[in-house]
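So the structure is just underneath, and the comments pick up after that.
Throughout, read-outs are computed from the coordinates displayed, never taken from laboratory work. This one's a predicted model, so the numbers in the text were calculated from it and none came from an experiment. Here the Cβ positions follow ideal geometry from the backbone for every residue, glycine too, while neighbour counts run over all protein chains shown.
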Amino acid sequence: MRRKLAAGNWKMHGSVSALAELTTLAAQIDPRGCETVICPPATLLFPACNIAKPTEIAIGAQYCHPQSQGPFTGDISARMIVETGASYVLAGHSERRESHAETDSAVHNQILAVWKENLTAILCIGESGEDRGAGITLDTIATQLSGSLPDGATGENAVIAYEPVWAIGTGDVPTLTQISELHDFIRAQLVRRFGDTQGNAIRLLYGGSVKPSNAAEIFTVENVDGALVGGASLQAVDFIPIIQALNDA
Ligand code: PEP
C-alpha cells in the first residue's frame, strides 16, 4: 500500500511571513491523512523545519549540489539540508532543467548525493509541449527516467513526479486519459527496472496546475499517488482542499 503524498513546491516565493501558511496548514490538516511535504526556498528551511517538527508535515529542499562541500558559490549540499531537519529534496524540476541547464546525468548525481544523506528524492520528469506535439512523449519520459534515476531506487528513497512542462503554471492540465497513460507507463518502467516490490512501492505524483477545482478528479486516476503542487501550495486556503481531496480519494 503506497501512502498518498501531497507535496508543495514554493519555488522562489515566500518570505519569513509566509511561514504563517505552514502554521495554518499544520493546524488544519488531518494528521492521520496523506503525507504532506512543503519545499520552501533554502532560506526558509531552518524555520520551516522548526515549525513542522512537532507536526506530521515534512520539509523538503528544492535542489542540492552533488558534492557535499566545496567551492560552489551559491549552492547547498545534501549534508547541509540534513542539518536543517528537512527530509526530502526535489531533483530535476523542469525549471532547473531549463534555467540551470541541468541534464539527466546531473540530476542522477544529485539524487546519489540525496541518498548518501538518507534523504528522499522527488524526481521530476515531464515532456515539453514540443515533445507532445511531435508524438515523442513516452520516449522523453523513458529517457529522463532511465538517465536521472540511479539504480537502487526504492519506495523509501524515491518519489517520481510526472510534470508535463506545458502544464506547469499555465492552467493547462492533461486529460485524465493522458495522465493515466503516463502514470501507467512510468509504473511499468519502474517495475521492469526495479522489480515488482520496489517498482510498485515508489510513489507517483502528478504535477502541473493542480488546483482545488481539479484535484479530486485527478486523484481518481489509478497510479496517481498524490500531487506536486506549485502555485496552489503557497496559501493554506488553496492547499488544504487539495490535501482533503487526496485524503478522500
Ligand atoms: C511545479 O512547479 O512543480 C508545479 C506543478 O507548479 P504549478 O502547480 O503552479 O503548475
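Structure above, values below:
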item	result
Cβ-Cβ FRET estimate between Asp30 and Glu181, R0 fixed at 25 Å, reported to 0.05	0.20
Full-stretch length increase - Glu130, Met12 - with 0.36 nm per residue and alpha-carbon distance subtracted	39.9 nm
Spherically averaged projected area in nm², based on the convex hull that wraps the Cα atoms of the stretch 121-166	3.1 nm²
Within straight-line cross-link reach of Lys53, lysines at Cα separation under 22 Å, skipping those fewer than 8 residues along the same chain	Lys4, Lys11
Neighbourhood charge, 9 Å Cβ-Cβ cut-off, centred on Arg79 and excluding it, Lys, Arg +1 and Asp, Glu -1	-1
Label-to-label distance, nm, for residues given as Leu112 and Gln67 (7 Å Cα→Cβ offset)	1.5 nm
Candidate aspartates and glutamates - alpha carbon under 16 Å from Lys116, same-chain residues fewer than 8 apart omitted	Glu83, Asp151, Glu156
The chain: calculated mean residue ellipticity at 222 nm from DSSP helix runs of at least 4, using -39500 (n - 2.57)	-12500 deg cm²/dmol
Net charge over other residues, Cβ less than 13 angstrom from the Cβ of Val221 (K, R count +1; D, E count -1)	-3
Shape of the chain, Cα gyration tensor, a/c cut at 1.5	rounded
Additional length obtainable on full extension of the chain from Arg79 to Thr103, 0.36 nm per residue less Cα span	6.4 nm
